[in-house]
Amino acid sequence: MAESEVIIDGEVLHCIGCGAAIQTEDKTKPGYTPESALNKGLESGEVYCQRCFRLRHYNEIVPVGLTDDDFLKLLSSISATDSLIVYVVDIFDVNGSLIPGLHRLVGDNKVLLVGNKVDILPTSFKHKKVADWLRQQANGAGIRPIGVQLVSGKTNEDVDRLLASIDKYRKGKDVYVVGVTNVGKSTLINQIIRQSTGVKDLITTSRFPGTTLDKIEIPLADGQTLTDTPGIIQPEQMAHLLNGEELKLVTPQKTIKPKVYQLNPEQTLFMGGLGRFDYVSGDKKHGFTVYAENGLYLHRTKLANADEFYEGHLGGLLTPPTADNAAQFDKLVPHEFKTTVKSDIVIEGLGWITVPAGIVVRGWAPKQVAVLIRPAMI
C-alpha cells in the first residue's frame, strides 16, 4: 500500500472506472484525482480518477506510467486460482487479440472464448463459421476453450446467452475476464453489470487502448466475484499504430457494408494508407468484396505504379495515417497467397477482402500487423 493512496474506513479507495487506487499527489501516476474532485465523488458515492473523468466527459486520454510488465504481473496471480476465465477477443482483429502465453497465465482454469463486436458483421456472415475460425486461432495459440460465444457489448446482442454460459461453466467459481486492450472488454462488462444490477456505464470505456488500469471486482449473486482485469498491450494491434483521429477512420462503429470492386490482373486497391491489396495474376477480371469501416477511403490503381502512388499520397489522399503521423509510419510489408478455394485475405484490425479460387494475390500491412488467409466466411 503506497502512502499516497486514499484510505476510507480502513480500505484503499479505488476508481470505479478503471480500478486504479485513488491518490491525490502524483498527476503522472494511475489513480490521481484532485482533492476537490475526490470530495465531490465521496459525496455522490462515485469516485473516478482524473483520467477516467476526462475519458468519460471529453474522450481525452491521459498517459500514465504503466508498462507491459505491470499488466502481466496483475494477471499472473490467476493461475493460482480456481476460476473460470472469460477470454474476450475482437472478431475484427483476432490475431491482434491473442495474448502471448495465456495458457501459462491461466494455469489449469477452463477458458470460455468470447468474440466481441459481432454487431459489425454483415447479416450474411455465418456465425458458426466465425466461431469455428475463432476456435482454430485459439487452438493455434495453445488455448483449448470449453466454448465459443459471439456477442456485442455495444448493442447487447447475445449477452444474455453469454451470462447463461458463464453461469453454466463456472460452477460456483469466481470469474476472471481477460483480453488485450481495445477489444471492447469494458463495454461488455458494463452490459453484464447493467443486466445484473441495473447500473449503466460504470466502467470507463473509450476507443483508446488501455483504459482499465487495475482489477475491478464485481460481486455475483452467490457471493463469488467477477473480476475485470486490465487489458494487456499487444503491439501487433493496428490500434497501437494510430492516434484517436485515425482510429475513428478504421474502427467500424456500425454494421459493415460490403463493397465490390472489379479488378483485372495487375491492379491494386489501397485501403487508406494502412493496407493494400494486389491482384497479382489470374485468368480474368474478378469481383473482389471488401469488408472494412464504411468510411475508410478505398482507391484503385495499376499495380505497376502502386509503390510510387503510395509514396506520393501517404497522409494525403491515402489517409489514415494523417499527415502528422505519416512521416514516422512504417512502410507496408507484402504477404503473397495463391488461393485454392474462395478465401478471405485478412488485414488484422483493418478488414478483409473476399477473393476467388485459383489466383495469386498480395495483402500489405505495417510490418507488425498480421495478414492472414482463411476460408471465406460467406
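The values are calculated or read from the model by the stated rules, or taken from the named source; none is laboratory data. All of these numbers come straight from a predicted model, not from anything done at the bench. As a convention, Cβ positions derive from the backbone with ideal geometry for all residues, glycine included, and neighbour counts pool all protein chains shown.
How many of the residues making up region 2-22 are in contact with a strand residue (DSSP E or B) (Cβ under 6 Å, 6 or more places away or on another chain) and at pLDDT below 80? Matching residues across region 2-22 total 2. For region 124-135, indicate whether the set of residues that are loosely packed, with under 15 Cβ neighbours inside 10 Å, closer than 25 Å to Thr251 by Cβ, in contact (Cβ under 8 Å) with a residue 24 or more places away in the chain and in contact with a strand residue (DSSP E or B) (Cβ under 9 Å, 6 or more places away or on another chain) is non-empty. Yes, because at least one residue in region 124-135 is loosely packed, with under 15 Cβ neighbours inside 10 Å, closer than 25 Å to Thr251 by Cβ, in contact (Cβ under 8 Å) with a residue 24 or more places away in the chain and in contact with a strand residue (DSSP E or B) (Cβ under 9 Å, 6 or more places away or on another chain). For region 23-54, taking the residues that are loosely packed, with under 13 Cβ neighbours inside 10 Å and small (Gly, Ala, Ser), the one that is modelled with the highest pLDDT is identified as Ser36.
Residues in region 292-316 that are more than 18 Å from Gln267 (Cα to Cα) and touching a strand residue (DSSP E or B) at 6+ places or on another chain (Cβ under 8 Å): Ala292, Glu293, Leu296.
Got a number for residues in region 241-281 being among the hydroxyl-bearing types (Ser, Thr, Tyr), crowded, with 17+ Cβ neighbours inside 10 Å and modelled with pLDDT of 95 or more? Quick ask: steps written out before the conclusion?
Our first condition is that a residue be among the hydroxyl-bearing types (Ser, Thr, Tyr); within region 241-281, this holds for 251, 255, 261, 268, 279, 281.
Checking the rest, the ones that are also crowded, with 17+ Cβ neighbours inside 10 Å come to 251, 268, 279.
Still in the list and also modelled with pLDDT of 95 or more: 268, 279.
Result for region 241-281: 2.
I'm checking my understanding of the structure. Among residues of region 138-152 that are over 16 Å from Leu84 (Cα atoms) and among the aliphatic types (A, V, I, L, M), which one is surrounded by the fewest Cβ atoms within 10 Å (Cβ to Cβ)? Going through the qualifying residues, I end up with Ala141. Scanning region 177-191 for residues that are closer than 19 Å to Ser77 by Cβ and either at pLDDT 85 or above or in a strand (DSSP E or B) (or both) yields Val177, Val178, Gly179, Val180.
Does Ile166 qualify as being in contact (Cβ under 8 Å) with a residue 12 or more places away in the chain and touching a His at 6+ places or on another chain (Cβ under 8 Å)? Spell out the reasoning first.
Values: in contact (Cβ under 8 Å) with a residue 12 or more places away in the chain: yes; touching a His at 6+ places or on another chain (Cβ under 8 Å): no.
Considered against the rule, which asks whether it is in contact (Cβ under 8 Å) with a residue 12 or more places away in the chain and touching a His at 6+ places or on another chain (Cβ under 8 Å), Ile166 comes out as no.
For region 3-46, filtered to residues that are among the basic types (Lys, Arg) and part of a loop (DSSP other than H, G, I, E, B), the residue that is farthest from Ser186 (Cα to Cα) is Lys27.
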